[in-house]
Amino acid sequence: MKTVQLAIRDSEYAQSLRNLLVRDGTHRVYLVDDPDLRLDGVVVVDENKFEGLAPLEPRPERFVVITPKTNDHLSRVWDAGIRHVVFEEDSPNTAQLAIIAAELRLPRSTGGGFRNLREERHHLHSCPSCEMPDSTLRCSNCTTKDPNSKLY
């Protein structure tokens, strides 16, 4: 399964895009206010959100940025290393194509992200070291690990 985080303010557009992606059965899509950069996969953000995330992300190729159709916005996004841009006026189908293009640029192995859905769910919902004390498992980003866990 491919992970896609949608952090865009237009909820109707986000929902349409989510529906397109989950329809193919190969995407796990999260509608989020702020993307979790520890998760592997593509991150779709509005241009204003990307400006705050750009310095934190060493892999700009995994971003799809939705931006207004003006030269100053587009050049800032391009200068940050983003190669997948969708204009605000573009259809969700166009955004879907940009997401697929970004996925093709990603390495085949996850390399540093969550290794599987079980670990990802654990980290997002029940990680004791992340101050969510209802699990005996630990994710790879936590400092304390359960030696009995089969995630490692």
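Among the residues of the range 83-107, those identified as in contact (Cβ under 8 Å) with a residue 40 or more places away in the chain and farther than 20 Å from residue 14 by Cα are 105, 106.
Does residue 108 count as surrounded by fewer than 13 Cβ atoms within 10 Å (Cβ to Cβ) and at pLDDT below 85? Outline the logic, then answer.
Working: surrounded by fewer than 13 Cβ atoms within 10 Å (Cβ to Cβ): yes; at pLDDT below 85: yes.
Spelling it out, residue 108 is indeed surrounded by fewer than 13 Cβ atoms within 10 Å (Cβ to Cβ) and at pLDDT below 85.
Considering each residue of the range 15-66, count those that are surrounded by fewer than 20 Cβ atoms within 10 Å (Cβ to Cβ) and aromatic (Phe, Trp, Tyr), and give that number. So the count comes out to 1.
Contact map, the range 57-82: residues that are more than 15 Å from residue 7 (Cβ to Cβ) paired with residues that are among the aromatic types (Phe, Trp, Tyr) and not in a helix (DSSP H, G or I), Cβ distance under 8 Å, separation 6+ or inter-chain. Pairs shown: 68/87; 69/87. Set side by side, the residues 22, 64 differ, and just one is part of a strand (DSSP E or B) and in the same structural domain as residue 87 (by TED's automatic domain parsing), which is 64.
The values are calculated or read from the model by the stated rules, or taken from the named source; none is laboratory data. In this text, all values refer to a predicted model and were calculated from it rather than measured experimentally. Cβ atoms come from the backbone with ideal geometry, glycine included; neighbour counts cover every protein chain shown.
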